[in-house]
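To keep things clear, I will list the structure first and then write my remarks on it.
The values are calculated or read from the model by the stated rules, or taken from the named source; none is laboratory data. If you're wondering where the values come from, they're calculated on a predicted model, not measured in any experiment. Methodologically, a virtual Cβ is constructed for each residue, glycine included, from the backbone with ideal geometry; neighbour enumeration extends over all protein chains shown. Heavy atoms of the whole protein, side chains included, go into the accessibility calculation; ligands, DNA and RNA do not. Shrake-Rupley method; radii C 1.70, N 1.55, O 1.52, S 1.80 Å.
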Amino acid sequence: MKGGNVGRFLGGQFSFFLSALLFTTIFLWSWEKNPLLTNLLSAQDQFIMQPSEISVDESAVSLRSNKQIVDEHSNSQIVEGRIEENRLEVSDSFVKNVTVSPSTRRKDDKKIMTSQLERRACNFARGRWIAERRRPLYSGFKCKQWLSDMWACRLTQRTDFSYEGYRWQPENCEMPDFNGSEFLRRMQDKTIAFIGDSLGRQQFQSLMCMATGGEDMPEVENVGWKYGLVKPRGAIRPDGWAYRFPNTNTTILYYWSASLCGIEPFNVTDPATKSAMNLDQPPAFLRKYLDQFDVVVLNTGHHWNRGKINTNRWVMHVNGKPVVNRKLAEIGNAKNFTVYSIARWLDSQIASRPQLKGFFRTISPRHFSNGDWNTGGRCDNTIPLTKGNEVQQEESSDPVIGDAVKGTKVKLLDITAISELRDEGHISHYSLNASEGINDCLHWCLPGIPDTWNELLYAQLQC
């Protein structure tokens, strides 16, 4: 009889244990599946503060996870947000206007940005320009080993250089700080090639200055001859440049190809000959040396006009024959056809070259007003960010290149909208000889905006 009582007692205890275990399992499963509970926990974690660092007034705060407003350059210390998934608005009874100390604000800002990064992929082209005391990344008085005098605005009569003091901050992720030595270490035994027009050349020179900190490095080798980049007899300059950093075996090169087409002279012995502009072929240089490249950065755009094509004596070809289709012969359509062709070609090459990373940089904006470069157009503004400091759009301002790389392994280096805000950074009418000449509202002062393009490139190379 006694043994039966013990058995019933143990059986009851076991049933209670099973019931508790089942209840706990169901509760945890419900917690995990319930986004509201998860979001509440996330919001709570983001707003944990010490009592001495909180003050309360009569204004309520909304929690918005997709937009944390923490302005480091303002006297306001209000943290604002919203949990987007459940549209949860927190009432006055829950929390009032929360004011935090600067140190706590930075910590919470970092928490919030980490949380955002986990929920959404970083869009490097969406964000804002912010003042940065650690800019520029190199001196405009130095870097003479790599930087063309005509783009070194510190050497001109310009007196305002406030455009140098900003950096780009993407909305959903942090930009890694660029460090020349770290960049070269990451690019050890690699070659990065810029293929494009003079804006591509500016980006190339910018990266050389950034990698060296603007300092002379006599040990860096000119290896242009390895890629056929030597100045032809009678030419002003070679078709490009290539430099190798021996300590890391890193090569950075640039090749001039304004249209990204395969250009073939009809008669190689005649300097005045016309050339086939093969819209469906990449430049011969790129086809020949692609196996030696680890990173390729393409750009084109500003030479796609009838005047440039006629001056270069280019004749559009497709499939080895002159273009007779009038629609395709229109400049805009021909450019689009070429952009799509080379994007698809590079994508096909990446598939068989796992080490290769390809980028297509969007077009750099022009800022001529009251005319063009040859009709009195100017860009005299020297005040930064008069057009605003934020880019909130999701899609690129260069839809042709943006659409061309969709569905491919070629990455978009989207610089158009962020550069559109920086009209004060152009060379403008300043020159070395202090004479009033044609305004250059296409190219940029260096140090300047192209440095940011390379910071974006550096960040995306780490993704």
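The set of residues from the range 401-448 being within 11 Å of the chain's Cα centre (by Cα) and assigned to a helix (DSSP H, G or I) comprises 416, 417, 418, 419. Quick check: is even one residue across the range 301-316 buried (at least 20 other Cβ atoms within 10 Å of the Cβ) and at positive phi? Within the range 301-316, one or more residues are buried (at least 20 other Cβ atoms within 10 Å of the Cβ) and at positive phi.
Whether a residue is at pLDDT 95 or above, under 13 Å from residue 257 (Cα atoms) and open to solvent by 20 Å² or more (accessible area, probe 1.4 Å) was assessed, and residue 287 passes this test. Just to be sure, is residue 444 of a type outside the set (Val, Ile, Thr) and open to solvent by 40 Å² or more (accessible area, probe 1.4 Å)? No; evaluated as a whole, the condition is false for this residue.
Residue count for the range 246-279 under the criterion of being touching a strand residue (DSSP E or B) at 6+ places or on another chain (Cβ under 6 Å) and open to solvent by 50 Å² or more (accessible area, probe 1.4 Å): the result is 5.
As a summary of the residue check, residue 309 satisfies the conditions (1) within 25 Å of residue 226 (Cβ to Cβ); (2) touching a strand residue (DSSP E or B) at 6+ places or on another chain (Cβ under 8 Å); (3) among the aliphatic types (A, V, I, L, M) except for the one numbered (1).
Tally up the residues in the range 147-157 that are open to solvent by less than 40 Å² (accessible area, probe 1.4 Å) and modelled with pLDDT under 95, please. Number satisfying all stated conditions: 1. There is no residue in the range 234-245 that is buried (at least 21 other Cβ atoms within 10 Å of the Cβ), at pLDDT 95 or above, under 17 Å from residue 452 (Cβ atoms) and among the hydrophobic types (A, V, I, L, M, F, W, C). Number of residues in the range 341-397 that are among the acidic types (Asp, Glu), touching a strand residue (DSSP E or B) at 6+ places or on another chain (Cβ under 7 Å) and within 17 Å of residue 444 (Cα to Cα): the value is 1.
Here are some residues: 415, 449, 363, 427. Which one is open to solvent by 30 Å² or more (accessible area, probe 1.4 Å) and touching a residue at least 12 places away in the same chain (Cβ under 8 Å)? Within the list 415, 449, 363, 427, the selection yields 363. Just name the residue that is nearest to residue 287 (Cα to Cα) out of those in the range 318-348 that are open to solvent by less than 50 Å² (accessible area, probe 1.4 Å) and of a type in the set (Ser, Thr, Tyr). Step by step, filter the range 318-348, then rank; the result is 341. When residue 191 is tested against (1) within 30 Å of residue 126 (Cβ to Cβ); (2) modelled with pLDDT of 95 or more; (3) surrounded by 14 or more Cβ atoms within 10 Å (Cβ to Cβ), only condition (1) is not met.
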